[in-house]
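The values are calculated or read from the model by the stated rules, or taken from the named source; none is laboratory data. Keep in mind that this is a model prediction, so the values were computed, not measured. Please note: Cβ atoms are built from the backbone with ideal geometry, for glycine as well, and neighbour counts cover all protein chains shown. Surface areas here come from the heavy atoms of the whole protein model, side chains and all, with no ligands, DNA or RNA. Shrake-Rupley method; radii C 1.70, N 1.55, O 1.52, S 1.80 Å.
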Amino acid sequence: MNTVRIARLEEAALDLDAHLRAVEDPRFGAVTTFVGRVRDNDPDAATAVIGLEYSAHPDAEETLHRIAAEAGNASAAVAVSHRVGSLAVGDAAVVIAVASEHRAEAFEVCRAIIETIKTDLPVWKRQLEEDGTTAWKGIGG
């Protein structure tokens, strides 16, 4: 079971350095990070993507904490945040920092967290396109 130091939904911009500070620990020699950013394209979009609007179920933060605690087969320190609200292209939507004794564990936990967020976190996004088209994408999208 991992030690979760941050697991929250944020309306404000995400701070990678704060997540790195949260997982600092002299016992751990490996730190991995993942930053998921809003991109200007999507295979399903007819025109350029200009932004995303994220909304979340009231239990989403509790679910995020569980995802972080249970990810991988290691004992790591985890800090993870997901944005809600309106994001522009280039904004960070997800930030993850994981510290563990060895690199393989850190990578495993980090990857397990982002993959499980994509399938299990009750957060939905409304994709906004340049031509005014919008599309809702749910869990797993």
Next on the checklist: Being more than 27 Å from THR134 (Cβ to Cβ), open to solvent by 40 Å² or more (accessible area, probe 1.4 Å) and in contact (Cβ under 8 Å) with a residue 40 or more places away in the chain: is that true of ARG27 here?
Outcome noted: yes
Checklist entry - Can ARG103 be described as open to solvent by 30 Å² or more (accessible area, probe 1.4 Å), touching a residue at least 24 places away in the same chain (Cβ under 8 Å), closer than 30 Å to GLN127 by Cα and among the charged types (D, E, K, R)? => result no
Checklist entry - Can we say ARG83 is surrounded by fewer than 19 Cβ atoms within 10 Å (Cβ to Cβ) and among the charged types (D, E, K, R)? => result no
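ILE96: in contact (Cβ under 8 Å) with a residue 40 or more places away in the chain, in a helix (DSSP H, G or I) and of a type in the set (Val, Ile, Thr), yes or no? Working first, answer last.
Working: in contact (Cβ under 8 Å) with a residue 40 or more places away in the chain: yes; in a helix (DSSP H, G or I): no; of a type in the set (Val, Ile, Thr): yes.
No, not satisfied.
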Checklist entry - Looking at region 33-78, which of its residues are modelled with pLDDT of 95 or more, hydroxyl-bearing (Ser, Thr, Tyr) and surrounded by fewer than 17 Cβ atoms within 10 Å (Cβ to Cβ)? => result THR33, THR47, SER55
Next on the checklist: Given the condition open to solvent by 60 Å² or more (accessible area, probe 1.4 Å), assigned to a strand (DSSP E or B) and aromatic (Phe, Trp, Tyr), answer yes or no: does some residue in region 111-125 qualify?
Outcome noted: yes
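Has region 4-18 got at least one residue that is in contact with a helix residue (DSSP H, G or I) (Cβ under 7 Å, 6 or more places away or on another chain), within 15 Å of TRP124 (Cα to Cα) and of a type in the set (A, V, I, L, M)? Explain how you work it out, then say what you get.
Initially, region 4-18 is screened for residues in contact with a helix residue (DSSP H, G or I) (Cβ under 7 Å, 6 or more places away or on another chain), giving 4-9.
From the residues that got through so far, the ones that are within 15 Å of TRP124 (Cα to Cα) too are 9.
In the following step, the residues that additionally are of a type in the set (A, V, I, L, M) were identified as 9.
Checked region 4-18: at least one residue is in contact with a helix residue (DSSP H, G or I) (Cβ under 7 Å, 6 or more places away or on another chain), within 15 Å of TRP124 (Cα to Cα) and of a type in the set (A, V, I, L, M).
Residues are listed down the side, and each one gets a yes or a no for (1) assigned to a loop (DSSP other than H, G, I, E, B); (2) hydroxyl-bearing (Ser, Thr, Tyr):
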{"position": "THR33", "(1), (2)": "no, yes"}
{"position": "ALA46", "(1), (2)": "yes, no"}
{"position": "LEU52", "(1), (2)": "no, no"}
{"position": "GLU61", "(1), (2)": "no, no"}
{"position": "VAL78", "(1), (2)": "no, no"}
{"position": "HIS82", "(1), (2)": "no, no"}
Checklist outcome for this item: Of the residues in region 15-24, those that are within 11 Å of SER81 (Cα to Cα) and either open to solvent by 30 Å² or more (accessible area, probe 1.4 Å) or of a type in the set (D, E, K, R) (or both) come to ASP15, LEU16
